């Protein structure tokens, strides 16, 4: 399979031009294949664990400043819920996006199922600290303020509209849950664009392709082991996309990142947040090689 020499990144925020006059026309961004790429999975509201994994990946220094140079960092969603530090983590990641761009690097942030759930008003997994961050000590006020901030068209939903559901970087595709042949045929750009329109409040509903158990933010097909039929589905997807591998989060891998189907799928949700008690871990992609970056137990 040919190796892609371009980065295709179409954000949720590049919404379809015919949705409303307020929504920008779609625009793909093509960039050279990065010399070094690191990918980090679910963070779930744990700032200390986030700092540890970003240091492990070599993209921040002791002052939390970008230290990755021209590295591309991909975070596969689920920054929200289960921990108190969501706002601080996103502030860090958004700042790193700007610092990386100045250094010739890139930070790609995906939407996960917990980002979309919060916009839908599903706050079951928000911690007391997650409510206090929006409304002070009054839990009812915090919940009400959070709902306003996250509702379609709200401040936080508009931030998420600038994050893709799926992205292709070099010869790797990324999604929170996974990408199926039906998603590839429907079009990654189209899914990103239609979801962005909803997040911005420019569409009345989340697109149907994002509202099923097999949606890119929900499917666990590739996290259920390497049965031949699942590897065949993966092979079809990768062929449709013209990429070498798929990288997903969403399903906790207790011992660190895992791969299946001859290295064509990598699973990088390692449960690193305090809620799960995992250890920091990530993957590094350079050329054709994928390497696990993992802190020693207790480190």
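Only the coordinates and a few stated rules stand behind these numbers; no lab work does. Fair warning: this is a prediction, and the values are worked out from it, not measured in the lab. Note that we place each Cβ from the backbone using ideal geometry, even for glycine, and neighbour counts take in every protein chain shown.
Remarks
- The range 6-294 - share of DSSP beta bridges that are antiparallel (%, nearest 5): 60 percent
- If the segment from residue 70 to residue 182 were pulled out straight at 0.36 nm per residue, it would be longer than the present Cα-Cα gap by 37.0 nm.
- Per-residue ellipticity at 222 nm from helix content only, as computed over the chain with -39500 (n - 2.57) for each DSSP H run of at least four residues, stands at -9000 deg cm²/dmol.
- For the range 178-239 versus the range 55-114, the gap between their alpha-carbon centres in whole angstrom: 24 Å
- Residue 141-residue 211 FRET efficiency (beta carbon distance; Förster radius 35 Å; 0.05 resolution): 0.70
- Centre separation in Å (Cα based) which lies between the range 137-161 and the range 279-295: 35 Å
- Counted by neighbouring Cβ atoms within 10 Å, the residues 219, 212, 50 run from fewest to most as 212, 219, 50.
- Computed over the Cα atoms of the range 112-224, pair by distinct pair, the Kirkwood hydrodynamic radius stands at 14.9 angstrom.
- Cα shape, the range 6-294, gyration tensor, a/c 1.5 rule: rounded
- Three-way shape call for the range 118-169 based on the alpha-carbon gyration tensor, with the a/c threshold at 1.5: prolate
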